[in-house]
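Taking it in order: structure first as structure tokens, then the write-up.
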Amino acid sequence: MTASLIDRVRERLAAEQGPLRPGVVAEAIRAESGGLLGDTEVLAGMRALHTELTGAGILDPLLRREGTTDVLVTGPDAVWVDCGNGLQRSEIRFPDEEAVRRLAQRLALTAGRRLDDSQPWVDGRLSCLGDDLVRLHAVLPPIAAAGTCISLRVLRPARQDLAALIGTGAIAAPAADLLRRIIAARLAFLVCGGTGAGKTTLLSAALGTVAAAERIVCVEDAPELAPRHPHVVKLVARGANIEGVGEVTIRDLVRQALRMRPDRIVVGEVRGAEVVDLLTALNTGHDGGAGTVHANSAAEVPARLEALAGLGGLDRAALHSQLAAAVQVVLHVGRGSGGARRLTEIAVLGRGPLGWVTAEPAWHADRGFGSGAVKLAELLDQRSRP
């Protein structure tokens, strides 16, 4: 099959109203070729079109590979994959830039979004991997100067428990003991780190150690948290549809969670004005709440929350006042020299000499216990008293 024939068949199939069954595809190939192709050639054409028109196209094998977290396309001959040990260039190649653009637009349509010259970027979710969701982001030229860019992140539910993370070396024994005590004492905590550092995995494992009698309400942008706990309620945000209506934000869901008799409120990722509602919730009797936030270190968390709180109309002084009363501990996760994810630091939050909240290291993977260890021990002792 020539490229022009494939294009004509693709256009014919785009006009089909029903599902693209094998018979429909074969009939389209024969019709556009004028009946000149034999059965072998038709079968080869069907395979080529099936790869392009279903799932994630030629990226599908990469997404289905064991351990894949991200697949990134920056050009027809530049497809990258991260299987947990950092990005590596794959052998996958697109025929040309137009093929990359076609795939991006088809995936956007599958996610119920628009992607064209008037709306040159898209953010959505795909269900092309069965139970595992895929987060889609794509940008078209001229916004993407070098060509269409596609970013796919596999959102596998974080089902590992604390014992599994300890066994793989992701959590050192002293940190694991501290973490269990933090959970039992109902101290509120945030897990921070960079993209793909393992924030959700650690949070899910930690929630699995919560007492079975407690009710956990998880609010997420995508259903990633899967703690091994008997009483978990999941609330998942929803984007606007192609007409621009029907959006349900994280902030909306945090407010709903307050009405669901939660013992612990958890926000899968704090990245906007919802930080105001979360801190408010943690200051109204909901101890032991948790969430994740993007930050390069535990020390940078207060500044990061300042920026997010500004989106919700909370000034710096008010944010630090709320934060000091609401959150006691920060857990920082990162990648080691070999790319393996690990818990690198446990810090305790408190007001500094000028009244601003700071993070004081209580334990570090490379340096052991720090100056904040005494303060954390005092907090744990206070919470354990009857």
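The values are calculated or read from the model by the stated rules, or taken from the named source; none is laboratory data. None of the values given here were measured: they were computed from a predicted structure. No Cβ is skipped: glycine too gets one built from the backbone with ideal geometry, and neighbour counts run over all protein chains shown.
If ASP70 satisfies every condition in (1) modelled with pLDDT of 90 or more; (2) buried (at least 17 other Cβ atoms within 10 Å of the Cβ); (3) more than 18 Å from GLU224 (Cβ to Cβ) but one, which is the exception?
(3)
Quick check on my filter: what residues within the range 253-274 are out of contact with any helix residue (DSSP H, G or I) (no Cβ under 9 Å at 6 or more places or on another chain) and either small (Gly, Ala, Ser) or in contact (Cβ under 8 Å) with a residue 12 or more places away in the chain (or both)?
Initially, the range 253-274 is screened for residues out of contact with any helix residue (DSSP H, G or I) (no Cβ under 9 Å at 6 or more places or on another chain), giving 256, 259-261, 263.
Residues satisfying the conditions are GLN256, MET260, ARG261, ASP263.
Could you please tell me which pairs satisfy a Cβ distance under 9 Å, a separation of 6+ or placement on different chains, a first residue in the range 162-175 that is under 10 Å from THR201 (Cβ atoms), and a second residue that is in a loop (DSSP other than H, G, I, E, B) and of a type in the set (A, V, I, L, M)?
These pairs meet every condition: ALA164/ALA170; LEU165/ILE171; ALA170/ALA340.
Specify the residue that is nearest to LEU343 (Cα to Cα); the eligible residues are those in the range 236-252 that are free of Cβ contacts under 8 Å to residues at least 40 places away in the same chain and assigned to a loop (DSSP other than H, G, I, E, B).
Ranking the candidates gives ALA237 first.
Of the conditions (1) within 14 Å of VAL357 (Cβ to Cβ); (2) modelled with pLDDT under 90, GLY313 clears all except one; give me its number.
Just one mismatch for GLY313, condition (1).
Take the conditions in contact with a His (Cβ under 7 Å, 6 or more places away or on another chain) and surrounded by 14 or more Cβ atoms within 10 Å (Cβ to Cβ) and apply them to VAL357. Does it pass?
Numbers: in contact with a His (Cβ under 7 Å, 6 or more places away or on another chain): yes; surrounded by 14 or more Cβ atoms within 10 Å (Cβ to Cβ): yes.
For VAL357, the condition - in contact with a His (Cβ under 7 Å, 6 or more places away or on another chain) and surrounded by 14 or more Cβ atoms within 10 Å (Cβ to Cβ) - is met.
Looking at (1) surrounded by fewer than 17 Cβ atoms within 10 Å (Cβ to Cβ); (2) assigned to a helix (DSSP H, G or I); (3) in contact (Cβ under 8 Å) with a residue 24 or more places away in the chain, which is the one condition that is false for VAL233?
With respect to (1) surrounded by fewer than 17 Cβ atoms within 10 Å (Cβ to Cβ); (2) assigned to a helix (DSSP H, G or I); (3) in contact (Cβ under 8 Å) with a residue 24 or more places away in the chain, VAL233 is out only on (2).
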